[in-house]
Amino acid sequence: MEENILEYEGYKGSVNYDKKADYYTGEVVIEGRIYTYEGDSLEELREDFEDIIDSLIAFGEMGDDDEETDD
């Protein structure tokens, strides 16, 4: 993992640490939209980041199925 970058399924997101609040946040831009994620630890931050990506992939696959239906 590069410093200040999370990578998952081909997507890259930022890692920001607020020392005063002892809290992590990040952003990933996908198709022009900004998605944010957060956590009390780097592990929680990574889990939230991966959950966002997994949800978007699942949603995209569901959308593809709807488009292919010719009923």
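The values are calculated or read from the model by the stated rules, or taken from the named source; none is laboratory data. Keep in mind that this is a model prediction, so the values were computed, not measured. Positions of Cβ are generated from backbone atoms using ideal geometry, with glycine treated the same way; all protein chains shown enter the neighbour counts.
The conditions of being modelled with pLDDT under 95 and in contact with a helix residue (DSSP H, G or I) (Cβ under 8 Å, 6 or more places away or on another chain) are met by residue 30.
Pairs meeting the criteria (first residue in the stretch 31-51 and more than 14 Å from residue 17 (Cβ to Cβ), second residue among the aliphatic types (A, V, I, L, M) and assigned to a helix (DSSP H, G or I), beta carbons under 7 Å, at least 6 apart or on different chains) are 35/52. If a residue has to be more than 16 Å from residue 54 (Cα to Cα), surrounded by 15 or more Cβ atoms within 10 Å (Cβ to Cβ) and among the aromatic types (Phe, Trp, Tyr) to count, how many in the stretch 14-43 make the cut? Final tally of qualifying residues: 2.
The number of residues in the stretch 23-34 being of a type outside the set (A, V, I, L, M) and closer than 17 Å to residue 4 by Cβ comes to 5.
Looking only at the stretch 44-71, filter to residues that are of a type in the set (A, V, I, L, M) and at pLDDT 95 or above; which one of those is surrounded by the most Cβ atoms within 10 Å (Cβ to Cβ)? Ranking the candidates gives 45 first.
Of the residues screened, residue 40 is one that is more than 19 Å from residue 8 (Cβ to Cβ) and modelled with pLDDT of 90 or more.
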